[in-house]
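One structure is given below, encoded as structure tokens.
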Amino acid sequence: MSIPRGYVPNHKIWDRMGRVTPNVEYSPGERPHFESFAAPWLPVARYEYELEYWITISAGKVVAEDKNGHLVPAGLRKAFNKSGATTILTYTSDDAAQSVVDLTTGELVTAATSYTETEVTAALVERGLIRPGQRAMDLVSKPIGIASYNYYKAAGSDHWDPSKLYQHNFRPQALTAVTCDYVITVPVVPAVETTETMDGNLANSAGSIDWSSARTGGWFGSTALNGLVGLSSVVADDANVVGYVFAKFPLAHITQDSPITHSNSQLLNKVAGVSSIAAAGDFFVDYDLGILFLYEAGGDAIPTGWTVSDTITYYNYEDAAGSAQITTYMSATGNIDYGDMLTYDENSNLIKAELDIANAEGYDAAGAPFDTDPEYDSEADNTVISGQLEQAIDNHVFGVVGQVIGTNSYPKGSLDKVKTAFSGYSAANMRTPGSATGGRTDQLTYAGAAEKMAIVNLILR
């Protein structure tokens, strides 16, 4: 006897028409659904003492993917775009000790070693990671986002396979995220000008400063300074003031990380304005104009204690910071301004995006990377020139990662007038942000920046 349950099964045996709409899933564009981790072949960059573990990509760096879908610094695409004999990949004893995978073999690094572009290219072709005819740079994609936080050394060659993990019971990150379409703040690292010689005679006639076609640097007296529209109400034509115009500008503000240093140590007392200059040793800096104002009776001679053979060291935003200044921390460099589109450099930091034909990503017919602008010398050059132009346009269009929408300048809130322990300590991580860093945030001090922070709207596709 069956027990009535009030339910008669009536199952459809097949989907007669097929599925009208397939599954389509969405995730927020600023933190898209994404399952990856730092490439296991990346050399370690810096050590974190809290977790006692190595970091390979710092938070905020521009990131791309390798051919396995693993995250790598996007700048490696440009760092790998070198002549065949140039070393582009180096592993140290730290990499050997931390079970880093050797990119050229797929096996663990066993000792410190370096590889040229030719060696890396050949190995990647043999491993099937790039196609014949491609180069090492082709292992790395165009940028896809910004590192949402520090990416630690990969725990193994395959996070999904426990047998391929290099340590047990500890994994600082299972998977990582990338950030797109968001607004972030980025410290702007200035370039250091270390060899500017203050030679030349002092010019002191009305109109001797003429910047209608090009900037003129050097020494100028009070009469010449008075001739500038922006200084006519600040410097009288007979004031006891002279000015030295730097070759590079705008200048980075004077901080512990970006001092202005004179070879004869004549910069003694920084004052609040030009009108406050009253004695030898007093000085004031107009950072935007790039002018150093100094005391000199009569305002018509190079100041006492200064000579035309003196040198001066200062920091500026006209040039991009050199590789020795760029740390593993996220930063931007160069004279970036409101509305500028930004791309990335070899260090996976942000720089102004320009259509740079000379440094197009790619190689000519002889296998040499492009390093000069093309010229139509003969009909035979057309193919090479067209290829170089195509590479440059491609990098300009698809290499843009953000846009400057504003800037912040520090110090803020009078924190530069508050002093706490370790304010003069050389290690940035030992100084309390603000009260021990001249009122500047740790984003600036860790990166070795001065006072400028860019507000960047990420526009990664």
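Summary table below
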| item | result |
| --- | --- |
| Placed amide H near A38: partners under 5 Å, 5+ positions off or other chain | L71 |
| The chain: angle of helix 382-398 to the longest principal axis, Cα-based, in degrees nearest 10 | 90 |
| Inter-label distance for A427 and T313, nm, one decimal - labels placed 7 Å from Cα along Cα-to-Cβ | 2.3 |
| Approximate shape of the range 321-458 as ellipsoid semi-axes (Cα gyration tensor, √5λ), whole Å, largest first | 42, 15, 10 |
| Residue-count net charge about E196 - beta-carbon cut-off 14 Å; Lys, Arg +1, Asp, Glu -1 | -3 |
| Semi-axis lengths, Å, the range 325-383, gyration tensor of Cα atoms, sqrt of 5 times eigenvalues | 30, 15, 7 |
| Sequence of F370, F246, F170 once ranked by neighbouring C-beta atoms within 10 Å, starting from the fewest | F170, F370, F246 |
| Cα-Cα pairs of the range 46-180 separated by more than 27 Å (percent) | 19 |
| Per-residue ³J(HN,Hα) for the range 173-180, Karplus 6.51 cos²θ - 1.76 cosθ + 1.60, θ = phi - 60°, Hz, x for Gly and Pro | 9, 7, 9, 10, 10, 10, 10, 9 |
| Contour minus Cα-Cα distance for S233 and E354 (0.36 nm per residue) | 39.8 nm |
| Nearest 10 degrees, 0 to 90: helix 117-126 Cα axis against the chain principal axis | 10 |
| Charge-dipole axis of the chain as Lys and Arg at +1 and Asp and Glu at -1 on Cβ define it, positive-most pick from A97, L294, G227 | A97 |
| Most positive-pole-ward Cα, I57, G133, S148, against dipole of the range 46-180 from beta carbon charges | G133 |
| At R0 = 22 Å, FRET efficiency that the Cβ-Cβ distance of S83 and D394 yields, to 0.05 | 0.55 |
| Above-threshold pairs, the threshold being 28 Å between Cα atoms, out of K248/K412; K419/K452; K78/K164; K153/K352 | K78/K164; K153/K352 |
| Antiparallel bridge percentage (DSSP; both residues within the chain; nearest 5) | 90 |
| Per-residue ³J(HN,Hα) for the range 98-114, Karplus 6.51 cos²θ - 1.76 cosθ + 1.60, θ = phi - 60°, Hz, x for Gly and Pro | 9, 6, 7, 7, 6, 4, 6, 10, x, 9, 5, 5, 10, 7, 4, 7, 9 |
| Ellipsoid semi-axes in whole angstrom, largest first, where each is sqrt(5λ) of the Cα gyration tensor of the chain | 52, 28, 24 |
| Computed Kirkwood radius, in angstrom, where 1/r is averaged over Cα pairs of the range 166-274 | 18.3 |
| Separation in nanometres of the label points that stand 7 Å from Cα toward Cβ, at S276 and E30 | 4.0 |
| Local net charge near V63, Cβ-Cβ under 13 Å (Lys/Arg +1, Asp/Glu -1) | +1 |
| Relative exposure of E354, E361, E50, E196, judged by other C-beta atoms within 10 Å (fewest first) | E50, E354, E196, E361 |
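Readers should treat all values here as calculations from the given coordinates under stated rules, not as data from a laboratory. Note that the structure is a prediction, hence the values are computed from the model and not measured. For neighbour counting, all protein chains shown are included, and Cβ atoms are generated from backbone atoms with ideal geometry for every residue, glycine included.
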